[in-house]
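What follows is a single structure, written as structure tokens, with notes after it.
The values are calculated or read from the model by the stated rules, or taken from the named source; none is laboratory data. Bear in mind that the values here come from a model prediction, so they are computed numbers and not experimental data. As a convention, Cβ positions derive from the backbone with ideal geometry for all residues, glycine included, and neighbour counts pool all protein chains shown.
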Amino acid sequence: MKKIINLKKTMPRGLVEFYAMQMADSFSKGIWTPLTAVYILALGGNILHLGELTAVFGVAYTIGSYIVAKIGLRYRYNILPIAYGFIVIYYLVLIFINSIDHLYFVMFFGSLAASLMGPSLKGIPLDFIDHKLYVIFEQKQQMLMSIIVAIAGYLGALFIHHSGNHSPHISQQIIVFKSIFIGLSIFSLAVFIYSLFFLKRYKYHQTD
């Protein structure tokens, strides 16, 4: 137990910054993901649309992740701000969506943006620590991430609840979602900007 505490104190600053960006990104996703089904219904979609959009996202993410993993590991530092930049674009485009049909293309783009993160999320921590420490730090980070995502999902629901439109999936008033997308765009833009500083400071840590 004492050893684990000492290891925690020696977590490299670059890894702390990397995990902080990852948690911030997960916070924004934690707000949006639980609201996806309600948003689809608010756009006039139904349960079939939800299933189809889930399939589109899942298949595109799987294929994109495989392709990026095959060719992107050596470019993991450069890919990081690109992925965060695409996520900013994803939230910005959602602001202007008014049709369920358009959402298919946006969700496809969003899944590809998310798939770009794979090499960075798995490869960069190993440039700062060995495999044993990676397991320890990653597990603690995942525990904290789960708490952050849970809080984010609750805050998203709380925002809609106090927006004066408790049931946007019934009234089909999507203005409340546009407010959320604007907030997520600004939040993700801050993460993107910070990732550029991270790239500049730590890209020379790459071990292969």
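The figures follow:
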item	result
Any hit, the range 56-77, residues being assigned to a helix (DSSP H, G or I), modelled with pLDDT under 90, surrounded by fewer than 19 Cβ atoms within 10 Å (Cβ to Cβ) and among the charged types (D, E, K, R)	yes
Number of positions in the range 9-55 that are over 18 Å from Y90 (Cβ atoms), of a type in the set (S, T, N, Q) and part of a helix (DSSP H, G or I)	0
Residues located in the range 149-203, provided they are at pLDDT below 80 and part of a helix (DSSP H, G or I)	H161, P168, H169, I170, S171
Test set (1) surrounded by 15 or more Cβ atoms within 10 Å (Cβ to Cβ); (2) modelled with pLDDT under 85; (3) among the hydroxyl-bearing types (S, T, Y) - T207 fails condition number	(1)
Unique residue being under 23 Å from Y39 (Cβ atoms) and not charged (D, E, K, R) when the list is I160, I147	I160
Criterion (β-branched (V, I, T), out of contact with any Leu (no Cβ under 7 Å at 6 or more places or on another chain), modelled with pLDDT of 90 or more and crowded, with 18+ Cβ neighbours inside 10 Å) met by exactly one of I95, I100, I87	I87
Odd one out for Q142 among (1) within 15 Å of the chain's Cα centre (by Cα); (2) buried (at least 21 other Cβ atoms within 10 Å of the Cβ); (3) without any contact (Cβ under 8 Å) to a residue 60 or more places away in the chain	(2)
Of all residues in the range 117-134 being surrounded by fewer than 19 Cβ atoms within 10 Å (Cβ to Cβ) and under 25 Å from T62 (Cβ atoms), the one that is modelled with the lowest pLDDT	Y134
The range 12-49, subset over 28 Å from Q139 (Cα atoms) and surrounded by fewer than 16 Cβ atoms within 10 Å (Cβ to Cβ), residue modelled with the highest pLDDT	L48
Which numbered condition N98 fails, given (1) in a helix (DSSP H, G or I); (2) farther than 22 Å from L189 by Cβ	(1)
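A quick yes/no check of all residues on (1) within 27 Å of F197 (Cα to Cα); (2) in contact (Cβ under 8 Å) with a residue 60 or more places away in the chain; (3) out of contact with any helix residue (DSSP H, G or I) (no Cβ under 8 Å at 6 or more places or on another chain); (4) among the hydroxyl-bearing types (S, T, Y):
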| residue | (1), (2), (3), (4) |
| --- | --- |
| L41 | no, yes, no, no |
| A55 | no, no, yes, no |
| F96 | no, no, yes, no |
| F105 | no, no, yes, no |
| A113 | yes, no, no, no |
| L126 | yes, yes, no, no |
| L133 | yes, yes, no, no |
